[in-house]
Amino acid sequence: MLRIAGRLLIVFLVTLPVARAQEAKPLLQADERYKADILVVVAHPDDEGAVTPYLARALDEHRRIAVIFGTRGSSGANEAGAEQAAALGAVREIEARNALTSLGISNVWFLPGKDTASQNVLQSLANWDHAECLEQLVRLVRLTRPEVILTFLPGTFIGEDHGDHQASGVLATEAFDLAGDPTAFPEQVAAPMKRLEPLLENLRPWQAKKIYYFPDADREDIFRGKGPSYSVKEISKSSKQAYWRMALDSFRAHQTQAKSYIDKIAQMDEAQIEKLATSKDGWGEDQHFVLGKSLVGGSMTGDIFEGVTPGAIPFARPEISAEPVLAELSVELAGPWSFYAEFRHAHGLTNLPQPEPPEIALEARGTVVIPLWIRNHTAKTQEVTLSAVLPAGWTVQSGTGRFTVAAQQVAAARVEVDLPALPENAQNKSTAQEVSVRAEANGKTIGEAKLRVELRKRTLPQ
Ligand SMILES: [Zn+2]
C-alpha cells in the first residue's frame, strides 16, 4: 500500500503544476442533495399528516421537500408495543421517517424539543429549549435553502390548542426571519479557518421567499380567503391514486399512535376506504393554507409557488411598524395572547387572522386562568381594583380585589375562575361563553380583558 501511495504522490507532484496552469480549481459549493423547495416544520411524528396530501401533489410537481420535527413524540400511549418515554420517541422517529419515505421524502430531521402537555405555546418553547431549537432550525434552513416554509399556525384558537404545534410555527417564523441574517448565529456562516474545520460551518445565509401556515382551529370563518386551498381528491400523475389516499397510506406507519385505526383500515375493501374520503374523518377535506408572508409578491390565495423563481433573494429584515401607544395606566390579557400580538408585530404578520375576543376550550369543572399585565407608566404607585364578570355558575377562585402597582412598573396578575360542569344536554362541549376581568383605578375603568371559553369533556391543560 505504502509503495503505491508513494508512486501516486510522485504522479500527483509531477502533474500538479501542469493542471494548475491549465484550469482554475472550483471552490466547494453547497450540497445540492439537501436543497429543498419546500421545508415543512411540525411538532410531533404524525403531524406531517396535516400536510401530506399537499406534499403528495408537490412531489408530482417535482418539488424537493425536507421535513423537520420539533420532538420525537416520546409521550402518550403506545398502541403497538410496550416501549414508553424516550424509547417510544426512538420508535416514533422511525415511524415518522417511514411515513415520509413512503411518499419519497428522506431529508428529515428532529429538533431536541420535548412533548409538552399544554395549550400554552410559552410553556412548549420553555420545555423545548427555545434557543437550542432555534439555532438548530436556522442551521437546517441554511442547509436546505427552501423557497417556501410550511408550518403550523402560530396562534391560539379553539382547536389550535397544542402548544407544541404552535411552537413549531413560532420557531419556523423566527427561522424564516433569521436564516438570511449573516449576523444571526454567524459561526454557521463563517468560512473554515482550518483544513478539517471543527467549529465554523461554512453555510451561507438563506432567505426563504414565502411562509405559509396550516391552521388547526375549529373555526374556518376568519381563515377564508387568507391563503390557497387544494383539493385532495385529484389523482396523482405518479401513483394514479388520489392525494388523500397517498396521505392515508403514508399515515399507516404511525402504529404506536393509531394501531387500532390502522388495523381497522387494513380490514376495509376499496369501497369502504373510499368512503373515508367523504366521512368526517378529515381525509377528504381540502387543504387550506394561510399566507404568513411573501417576499416575492403573488396573490393571497394564489398557488404556493406563485412568484417564486429560482435563485437566492437578498436578506429581508422584517419591517416593523411603530409600537402601539398604551395609556399611562392599562390592563391587558397577558400569556400567549399578548405574546402573539407582539409576535405578529415583530415578524410583520399582518395577514394572520385572530379571534376577537380571544378564545380557548377548557375542561368542564376545571379552572380558567386569566393572565394579566398591569402597566403603570405614571410617576406614582397606583391602586388597581380587579373584578370579574362571569356567566352564571362560574365562580372566582382567586385574583380579584385591590392591588398596588409601583410607579413605572409592569406587574403580572392572574385571575382564576372555577368552571362548572357541562350542561346536561351537552354532548362533549358547550357553546363558548365570555368571561371578562375589569380593572379600575381612580374611579375609572382602565381596561378590560375578555376571553371566550368553551367547556369540553376533555382538553389539554391550559
Ligand atoms: Zn402533534
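Readers should treat all values here as calculations from the given coordinates under stated rules, not as data from a laboratory. Predicted, not measured: the structure shown is a model, and the values here were computed from it. A quick note on method: Cβ atoms are made from the backbone with ideal geometry, for glycine too, and the neighbour counts reach across all protein chains shown.
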Ordered by fewest other Cβ atoms within 10 Å, a rough proxy for footprinting exposure, I446, I158, I94 read I94, I446, I158
Over the chain, what is the relative contact order in whole percent, taking alpha-carbon pairs under 8 Å and six or more residues apart? 14 percent
So for region 21-166, taking the charge dipole from beta-carbon charges (+1 Lys/Arg, -1 Asp/Glu), which of A43, S106, H162 sits furthest toward the positive end? S106
Could you check the spin-label model distance between A346 and E220? Points 7 Å from the Cα along Cα→Cβ, value in nm. 3.4 nm
Multiply the residue separation of E448 and S398 by 0.36 nm, subtract the distance between their alpha-carbon atoms, and state the gained length in nm to one decimal. 16.3 nm
Go through region 408-448 and name the GluC sites (Glu not before Pro) that are in a DSSP coil and have 13 or fewer other Cβ atoms within 10 Å of their Cβ. E424
Please sort by residue number the trypsin sites (Lys or Arg not before Pro) in region 224-270 whose DSSP state is loop and whose Cβ has at most 16 other Cβ atoms within 10 Å. R224, K233, K237, K240
Could you tell me which helices of the chain pass both thresholds, a Cα extent of 18 Å or more along their own axis and a mean Kyte-Doolittle hydropathy of at least 1.0, with helices taken as whole DSSP H runs? 2-22
Residue order, fewest to most beta carbons within 10 Å, for W337, W244, W394: W394, W337, W244
Once fully extended, how much extra length lies between L196 and E23, figured as 0.36 nm per residue of separation less the alpha-carbon to alpha-carbon distance? 59.8 nm
All lysines inside 26 Å of K226 as judged from Cα atoms, apart from same-chain residues fewer than 8 positions distant: K209, K210, K280, K293, K450
Would region 285-375 count as rounded, prolate or oblate if I go by the C-alpha gyration tensor, calling it rounded below 1.5 in a/c and otherwise prolate when a/b exceeds b/c, oblate otherwise? oblate
Would you mind classifying region 93-236 by shape? Square roots of the alpha carbon gyration tensor eigenvalues, ordered a ≥ b ≥ c; an a/c under 1.5 is rounded, otherwise it is prolate if a/b is larger than b/c and oblate if not. prolate
Bridge type composition, the chain - antiparallel percent by DSSP, nearest 5: 65 percent
Can you list which of the GluC sites (Glu not before Pro) found in region 163-233 are DSSP loop residues with at most 14 other C-beta atoms within 10 Å? E220
At 7 Å along the Cα-to-beta-carbon direction for both S330 and A90, put a label point, then send me their distance in nm to one decimal. 5.2 nm
Per the charge dipole of the chain (beta-carbon charges, Lys/Arg positive, Asp/Glu negative, Cα centre), the residue among G76, P26, P53 reaching farthest to the positive end is P26
Quick calc, E234 & T367: beta-carbon distance into FRET formula, R0 45 Å, rounding 0.05, result 0.45
Just want the ordering: M193, M300, from fewest to most Cβ atoms lying within 10 Å of their own Cβ. M193, M300
Segments 76-82, 350-356 sorted - mean Cβ within 10 Å per residue, highest first: 350-356, 76-82
Label-point separation (nm) for N425 and A131, each offset 7 Å from Cα along Cα-to-Cβ? 5.5 nm
